[in-house]
Ligand SMILES: CC(C)(COP(=O)(O)OP(=O)(O)OC[C@H]1O[C@@H](n2cnc3c(N)ncnc32)[C@H](O)[C@@H]1OP(=O)(O)O)[C@@H](O)C(=O)NCCC(=O)NCCS
């Protein structure tokens, strides 16, 4: 298994993987329309896509496009404009193909994102974990890397995207709750 940067020829496979887990019409469709904002890593084995991780950087809850961040980064040492506690990383999602789950690939992605965030002087990493009928799929993974539970928001995606048919809860609108997790660096 290796982790590589997103390549366009994997677009359809990523879409299929994403839809197989979440369903159609979720707000994740928006990511590929604004791809300049997102860091996308894929894991492949013998040319088969087996997982994807998507994350982005924020300053005070506002997304920073990747090219803008490169400019900010090049000025890190020259200016004192950016207070370190303003910069954070947000994990949009990590999805591993069903038959490859439980083999450490999610952990490898998370390790990668934690290192990336540390190297880029982020103050914390945030993510939104789906809770389906009381079960949070990614809880063990997040706890393993010392993410802390922050808060729970009921019917979160159902309210945000009423036309989203969710494959996790099998409802439209989705009735899953969102559990916010945070790791300070
Ligand atoms: C959650 C997910 C990303 C974890 O990825 P993974 O590659 O299976 O994770 P790992 O193999 O690195 O395992 C990490 C921990 O999670 C636990 N775990 C693995 N698969 C799991 C599953 N399907 N359900 C619950 N816990 C699981 C393991 O016990 C492991 O802990 P350990 O290493 O101490 O034993 C993956 O199961 C997945 O894609 N799920 C569906 C989509 C999803 O819910 N994504 C997360 C929200 S964005």
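Does at least one position in the stretch 100-111 carry a residue that is away from the ligand (no atom under 12 Å from the Cβ) and without any contact (Cβ under 8 Å) to a residue 12 or more places away in the chain?
No: zero hits.
Going through the stretch 112-163 one residue at a time, which ones are more than 9 Å from the ligand (Cβ to nearest atom), within 24 Å of residue 41 (Cα to Cα) and out of contact with any strand residue (DSSP E or B) (no Cβ under 8 Å at 6 or more places or on another chain)?
Correct list: 115, 118, 119.
Need pairs with beta-carbon distance below 7 Å; first residue in contact (Cβ under 8 Å) with a residue 60 or more places away in the chain and within the stretch 119-146, second near the ligand (Cβ under 8 Å from one of its atoms) and outside any loop (DSSP other than H, G, I, E, B); sequence gap 6+ or separate chains.
Once the first residue is in contact (Cβ under 8 Å) with a residue 60 or more places away in the chain and sits in the stretch 119-146, its partners that are near the ligand (Cβ under 8 Å from one of its atoms) and outside any loop (DSSP other than H, G, I, E, B) give 125/91.
Mind checking which residues of the stretch 1-60 are over 20 Å from residue 130 (Cβ atoms), touching a strand residue (DSSP E or B) at 6+ places or on another chain (Cβ under 6 Å) and assigned to a loop (DSSP other than H, G, I, E, B)?
1, 6
Of the residues 181, 133, 156, which single one is surrounded by 14 or more Cβ atoms within 10 Å (Cβ to Cβ), under 25 Å from residue 24 (Cα atoms) and at pLDDT below 95?
Going through 181, 133, 156 in turn, just one is surrounded by 14 or more Cβ atoms within 10 Å (Cβ to Cβ), under 25 Å from residue 24 (Cα atoms) and at pLDDT below 95: 156.
The values are calculated or read from the model by the stated rules, or taken from the named source; none is laboratory data. Just so we're clear, the structure is a prediction, and the values are computed from it rather than from any experiment. Note: ideal-geometry Cβ built from the backbone for every residue, glycine included; neighbour counts use all protein chains shown.
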